[in-house]
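Encoded as structure tokens, the structure appears first; notes follow it.
The values are calculated or read from the model by the stated rules, or taken from the named source; none is laboratory data. A quick note: this is a predicted structure, and the numbers were derived from the prediction, not measured. Neighbour counts are summed over all protein chains in view; Cβ atoms, including those assigned to glycine, are modelled from backbone coordinates with ideal geometry. SASA here: full protein model, heavy atoms, side chains in, ligands and nucleic acids out. Shrake-Rupley method; radii C 1.70, N 1.55, O 1.52, S 1.80 Å.
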Amino acid sequence: MAGTQVGRSERKRRAIMAAGTEVFMAKGYAGTSMDDIAKRAAVSKQTVYKHFADKEKLFAEIVLATTDRVDAMVDLVADVPAEAEALHTHLVSLARALLEALTQPQVLQLRRLVIANADAFPELGAAWYERGFERVLATLAATFRSLTEAGVLHVREPLLAAHHFTGLLLWIPVNKAMFHGGPRHTPAELDHYAAEGVRAFLAAYR
């Protein structure tokens with residue numbers, strides 16, 4: 001019986017988290033109420049407060065829970081073979097995968113939501129960045145360091161090179177999405193950004 005109760009409680013918690021994600025992204029933090037979330041989750045407001053003390057704590061948990069998705073990207077950037085002849089191909093493949101992952105509509109919406117509330121919740125914004133994109137950059141820096149030690153790249157500051165690599169890829173599509181309110185790119189454009197970003201990166205670091 002106890003196990004059934006725990007299972008039911010966990011299902012409600014997940015439903016609240018899912019509903020909160022949808023409502024926060026649709027209405028923003030200030031425009032969202034716990035009533036909105038309870039209604040979307042099909043639970044009572046009392047149930048929402050039983051799981052989350054207030055709106056701020058629910059928002060923080062929703063934001064930080066998304067950093068778990070970064071694990072796949074961390075694995076991806078850590079796996080670049082030190083093969084000089086195939087380096088361009090490997091990096092283009094990595095670049096395209098990063099672009100695909102980081103320009104998903106929900107990722108862009110969450111980025112916009114966190115940035116919009118960075119002044120109100122600076123520690124949350126910093127934690128989201130550190131546990132998320134900063135982990136990807138640190139792993140990419142370690143990869144570039146290994147490729148330099150193998151003689152495939154010539155990188156003096158691996159972390160700066162990681163910023164250069166991702167910046168070459170993301171500057172155009174992410175800024176377009178931020179200012180236009182949603183993705184403004186085609187698969188062919190992402191292919192182009194990946195290929196040209198890698199070409200520019202290798203011109204500087206090969």
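Worth a mention:
- Under the membrane-span-like helix rule (DSSP H runs whose alpha carbons stretch at least 30 Å along the helix axis, mean Kyte-Doolittle hydropathy 0.5 or higher), the chain yields 158-180.
- Where 176, 27 fall by accessible area, highest first, once all protein chains stay in place (1.4 Å): 27, 176
- Residue 180 contributes an accessible area of around 110 Å² to the protein surface, as traced by a 1.4 Å probe with all chains present.
- With every protein chain in place, the chain: carbon and sulfur % of accessible area (1.4 Å): 55
- Relative contact order for segment 5-95, counting Cα pairs under 8 Å that sit 6 or more residues apart, in percent: 23
- Lysine-lysine proximity count for the chain, Cα under 15 Å, sequence distance 8 or more or distinct chains: 8
- Positive minus negative residues near residue 117 (Lys, Arg vs Asp, Glu; Cβ under 12 Å): 0
- Heavy-atom accessible area order for 172, 115, 37, largest first, 1.4 Å probe: 115, 172, 37
- Using 0.36 nm per residue and subtracting the Cα-Cα separation, the extra length available between residue 116 and residue 44 on full extension is 23.1 nm.
- Rounded accessible area of residue 33 (nearest 10 Å², 1.4 Å probe): 40
- Mean Cα-pair separation over length for the chain, i.e. relative contact order, pairs under 8 Å, 6 or more apart, %: 21
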